[in-house]
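Only the coordinates and a few stated rules stand behind these numbers; no lab work does. As the structure is a prediction and not an experimental result, all values here were calculated from the model. All Cβ positions, even for glycine, are placed from backbone atoms using ideal geometry, and neighbour counts span all protein chains on display.
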Amino acid sequence: MMVRSFVTSLAMAATLAAGVVAALVAVVPAAHAEVAAADPIDAGMRTCLARADRSSTAGQIQCMDEARTAWHSAADTALAQLITKLPPAQQKRWRLSQTKWAAWRDAEDTMLGAAFASTSGTTYQLYEADMRLQPVRDRALSLRAQAVAASGDAPARARACSADARCEHVSYDLNRYYRKLYARMPAHSRPALARAQNAWRAYRDSTTPLVDEHARLDLLGARLATLKRLSETVNNR
């Protein structure tokens, strides 16, 4: 299974961007092959990251923040396209999924602020910016794929996770890394982590009944990658 690295956007920029981004790419895993490298938003971010006037840490973060805003708009557009292709009952379920996703992102942003407050250094500032960007990008790409699929035959829905060995395995690892991260988080930040994880579970539960097994694994795998990276990052100085 391909699991999205939280450094997808930075890895895409490695051959163009200099300075701190190049240093960051050198110490993190390479992105997997499922990157939509030709997307104009990704291309625009690569160009932004390569600009001399954006070579500082603040400039690089600004590039990622601008890409995040663009992906938010792309997600809204893709959802609107998907909704027009669905019967009313499915429209309602996808709107609920989006509401749960937005609530999770708000809780997640608070949690990321708490997690990275325990670190120091420009590298971790870039990590944080990218971890705020990637879930928005993932959501936009997922909604685009669903909109395309809605134009064809109805996709096969996912079996129960208990009937899918891959889903069971990823879920087990996800819970394991959540516990590891919870133990490493500063005590005063643990409630923020718990709220973010509960919000993510609500998003998962509203969304996985609407998608096939591949999309479900993407959703779970992205969360696993986030928790694993944070469990290795919190309290690093």
Fraction of the pair-distance distribution of region 8-231 above 20 Å, Cα-Cα pairs, percent: 62
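Counting other beta carbons within 10 Å of each Cβ, put Arg54, Arg190 in order, fewest first.
Working: Arg54 20, Arg190 16.
Taking fewest neighbouring Cβ atoms as first place, the list is Arg190, Arg54.
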Between Arg179 and Ala117, what length in nm is gained on full extension when 0.36 nm per residue of separation is reduced by their alpha carbon distance? 20.4 nm
Classified through the alpha carbon gyration tensor (a ≥ b ≥ c as square roots of its eigenvalues; rounded if a/c is under 1.5, else prolate when a/b is larger than b/c, else oblate), region 65-188 comes out oblate
Rank these for me by crowding, Glu66, Glu128, Glu232, going from fewest to most other beta carbons within 10 Å. Glu232, Glu66, Glu128
As straight-line cross-link partners of Lys100, the qualifying lysines (C-alpha separation under 18 Å, not fewer than 8 residues apart within one chain) are Lys92
³J(HN,Hα) computed for each position of region 133-148 - Karplus, 6.51 cos²θ - 1.76 cosθ + 1.60, integer Hz, glycine/proline x: 6, 4, x, 5, 4, 4, 5, 4, 5, 5, 5, 4, 5, 5, 5, 5
